[in-house]
Amino acid sequence: MIEQENPGFMAGDYLNLSFDGACNTLGDLGHELAPFLEALESGAEEWMPDIVKGVRRRKYTREAVAKGLAERRQERTTSVGLYSTTVPDLDTSLHLRLPPLQPSLRFSLTLKPLDRVAQEPSCKKLVEMVRAWAIHYPVTHASAHSSADMELAGAPRFGRDRETYYRDGFDKVYEICWLNVFGAKLVETVGRERMRSTPAHRVEELPDGSVLLVTWPTAADFASEAARTAQARAWVHLRPDLDFDTVMATLRERSAMLAPVEPRFAPDIAALLSRLPEYASLGQRQRRIAELNAYVPPEPEEWLPLDAALPPDVADPKAALDQYAYFAERLIALLHTPVPSVFKMSPESLTDIDFHFWKETFPDTFERHNIDAVAVPAIGAYLGEVLVKHLGGQWHPRKQWMEAQVRVGERVWLPFARAHRYMRSTQSLLDHSLTQLYRVAERHSR
């Protein structure tokens, strides 16, 4: 059992609200949208947009919304974005469908961070906003819930394939969110009395026959044991074919996957690993942190004790050093736009380079010939130059540049050999990172 009576908020999670209702989009849109915008504005500091984006960006006013919809209008649809440039992070989209399509208003809202809906007064404001919309724009379906949890549930299609979803719509209760508005057709399918008697924090029948249902007083603690119990009770009440214990087990499993995991990354590459979880989906992010906590890269092998170092064998050492500097400059030329820190030749720039190549899956994307002929010597030379600049290293040039070494303390390091191993695959960028080799060399230099 997952005990989360006072759960921490998962970093990055946010509230996702979707609303789909009927709207006379052939009428005067200023008049038709007035109830919608009035209810939206009632949120004030909680979720008030200050920017309207049609083709142009404008300061939020109702007139700006109308202008944005007009300039984005197409034959069958029009849409406009509403944003906030201050905390909280608000990103919304208002989409209108025009005849010959079924006239409708679709609205999506994301509100970050999730703890903006951790207090009951804010949550009540949100519910009242959606209620006002549902009264003026009869709904097909509306919901609000944690985005991460919706991902695990399979939303927005709740685990159904795309074809089934678009054919059947919300033809039965596939999932219970924190906030739900079930359209009148679905209410009749489930049974009006059954719907009205759902055990939940709030159940209200609206004038058009739809039903508003809120499972729990606050949205942000959806993963607590009490909130999950309330969610499961409502779900199995509306779906008598489901088993309560099975539903609870599913919800607890999702809570466990979303429970915040404290990062404890391998120290030498913690700065690199800390950037990777944000590239996992929200629902998988905590699992990714746990995986990276368990990850320990192999120790660098690209070094020799000083008494085993290969002696310099070039006729012109200065020319060799100039060549290494030239190779390093090629890496700067390649990366200066996506990785500005590359100009600094700092230890931190090595981490930025590692992350960039990993994010771009560089070794698995570009032609192997070009990687070996261009990228490897540039990366190796740059790594060597950083060892020289920051650890007092000294190049031991060799005719075969793959054998070139940098002496740091009582070891010599082989930066080109490291770069060659580093560029074998995207996974190799982590297993044989530039960051790790530098940190190990730094430690031994002391």
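The values are calculated or read from the model by the stated rules, or taken from the named source; none is laboratory data. Just so we're clear, the structure is a prediction, and the values are computed from it rather than from any experiment. Neighbour counts are summed over all protein chains in view; Cβ atoms, including those assigned to glycine, are modelled from backbone coordinates with ideal geometry. Just so you know, the surface numbers come from the protein's heavy atoms only, side chains and all, with ligands and any DNA or RNA stripped out. Shrake-Rupley method; radii C 1.70, N 1.55, O 1.52, S 1.80 Å.
Any residue in the stretch 328-352 that's over 23 Å from Ala404 (Cα atoms) and of a type in the set (Ser, Thr, Tyr): show its pairings with residues that are open to solvent by less than 30 Å² (accessible area, probe 1.4 Å) and at pLDDT 95 or above at Cβ separation under 7 Å, as long as the two are six or more apart or on different chains.
Partner pairs satisfying both residue conditions: Ser341/Ser349.
Given the structure, is Leu276 open to solvent by less than 50 Å² (accessible area, probe 1.4 Å) and modelled with pLDDT of 95 or more?
Yes.
Please go through the stretch 396-413 and give me each residue that is within 20 Å of Leu331 (Cα to Cα) and open to solvent by 30 Å² or more (accessible area, probe 1.4 Å), ordered by number.
Gln400, Trp401, Met402, Glu403
Name the residues in the stretch 253-265 that are part of a helix (DSSP H, G or I) and open to solvent by 70 Å² or more (accessible area, probe 1.4 Å), would you?
Glu253
For every residue, the table says whether it meets (1) exposed (fewer than 14 other Cβ atoms within 10 Å of the Cβ); (2) over 23 Å from Lys172 (Cβ atoms).
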| site | (1), (2) |
| --- | --- |
| Ala234 | no, no |
| Met248 | no, no |
| Pro267 | yes, yes |
| Leu282 | no, yes |
| Arg288 | no, yes |
| Glu291 | no, yes |
| Pro300 | no, yes |
| Leu306 | yes, yes |
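Out of the stretch 56-110, which residues are in a helix (DSSP H, G or I) and acidic (Asp, Glu)?
Within the stretch 56-110, Glu63, Glu71 qualify.
Run Ile269 past the list (1) at pLDDT 95 or above; (2) closer than 26 Å to Thr140 by Cβ and report the number of the one that doesn't hold.
(2)
Please report, ordered by residue number, the helices (runs of 4 or more DSSP H) entirely within the stretch 359-446 with at least 1 residues that are among the aliphatic types (A, V, I, L, M) and more than 18 Å from Val314 (Cα to Cα).
Working: elements: 362-365, 376-391, 415-422, 426-431, 434-445.
Output list reads 376-391, 415-422, 426-431, 434-445.
Checking Thr140 against (1) modelled with pLDDT under 95; (2) surrounded by fewer than 18 Cβ atoms within 10 Å (Cβ to Cβ): exactly one of these is not met. Which one?
Tallying (1) modelled with pLDDT under 95; (2) surrounded by fewer than 18 Cβ atoms within 10 Å (Cβ to Cβ), Thr140 fails exactly one: (2).
Kindly indicate the residue of the stretch 311-326 that is among the hydrophobic types (A, V, I, L, M, F, W, C) and open to solvent by 60 Å² or more (accessible area, probe 1.4 Å) and also modelled with the highest pLDDT among those meeting that condition.
Leu321
Those residues that are part of a helix (DSSP H, G or I) and either on the phi > 0 side of the Ramachandran plot or free of Cβ contacts under 8 Å to residues at least 24 places away in the same chain (or both), I need them from the stretch 309-325; list them, please.
Matches in the stretch 309-325: Lys318, Ala319, Asp322.
With respect to Glu151, determine if the residue is charged (D, E, K, R) and assigned to a loop (DSSP other than H, G, I, E, B).
no
Let me confirm something: among Val203, Val296, which residue is open to solvent by 70 Å² or more (accessible area, probe 1.4 Å) and either more than 30 Å from Trp395 (Cβ to Cβ) or free of Cβ contacts under 8 Å to residues at least 24 places away in the same chain (or both)?
Just one listed residue meets the conditions, Val296.
Hey, any hits in the stretch 379-393 for a residue that's open to solvent by 30 Å² or more (accessible area, probe 1.4 Å) and either modelled with pLDDT under 95 or on the phi > 0 side of the Ramachandran plot (or both)?
yes
What is the number of the single condition among (1) over 27 Å from the mean Cα position of the chain (by Cα); (2) modelled with pLDDT under 95 that Thr86 does not meet?
(1)
Select from the stretch 32-51 the residues that are at pLDDT 90 or above, touching a Ser or Thr at 6+ places or on another chain (Cβ under 8 Å) and either under 26 Å from His141 (Cβ atoms) or open to solvent by 30 Å² or more (accessible area, probe 1.4 Å) (or both) and list them in ascending order.
Going through the stretch 32-51, the residues at pLDDT 90 or above turn out to be 32-41, 49-51.
From what is left, the residues that are touching a Ser or Thr at 6+ places or on another chain (Cβ under 8 Å) are 32, 49-51.
Across the stretch 32-51, the qualifying residues are Glu32, Pro49, Asp50.
Any idea which of Leu126, Leu152 is touching a Gly at 6+ places or on another chain (Cβ under 9 Å), open to solvent by 10 Å² or more (accessible area, probe 1.4 Å) and at negative phi? First the steps, then the outcome.
Values: Leu126 fails: open to solvent by 10 Å² or more (accessible area, probe 1.4 Å).
The conditions single out Leu152.
Could you check the stretch 14-43 and list, in sequence order, the residues that are more than 26 Å from the chain's Cα centre (by Cα) and part of a helix (DSSP H, G or I)?
Leu29, Gly30, His31, Glu32, Ala34, Pro35, Phe36, Leu37, Glu38, Ala39, Glu41
Out of the residues in the stretch 221-231 that are of a type in the set (A, V, I, L, M, F, W, C) and crowded, with 23+ Cβ neighbours inside 10 Å, state the one that is farthest from Phe182 (Cα to Cα).
Checked the stretch 221-231; the qualifying residue farthest from Phe182 (Cα to Cα) is Ala223.
Counting just the residues of the stretch 5-31 that are open to solvent by 40 Å² or more (accessible area, probe 1.4 Å) and acidic (Asp, Glu), which one comes out modelled with the lowest pLDDT?
Applying the filter and picking the extreme gives Glu5.
Go through the stretch 89-122 and report how many residues are under 20 Å from the mean Cα position of the chain (by Cα), in contact (Cβ under 8 Å) with a residue 40 or more places away in the chain and either open to solvent by 20 Å² or more (accessible area, probe 1.4 Å) or under 23 Å from Gly27 (Cβ atoms) (or both). Break it down stepwise before answering.
Keep residues of the stretch 89-122 that are under 20 Å from the mean Cα position of the chain (by Cα), which gives 89-93, 108-117.
Filter once more, so that each one left must be in contact (Cβ under 8 Å) with a residue 40 or more places away in the chain: 89-90, 92, 108-117.
Checking the rest, the ones that are also either open to solvent by 20 Å² or more (accessible area, probe 1.4 Å) or under 23 Å from Gly27 (Cβ atoms) (or both) come to 89, 92, 108, 110, 112-113, 115-116.
Of the residues in the stretch 89-122, 8 are under 20 Å from the mean Cα position of the chain (by Cα), in contact (Cβ under 8 Å) with a residue 40 or more places away in the chain and either open to solvent by 20 Å² or more (accessible area, probe 1.4 Å) or under 23 Å from Gly27 (Cβ atoms) (or both).
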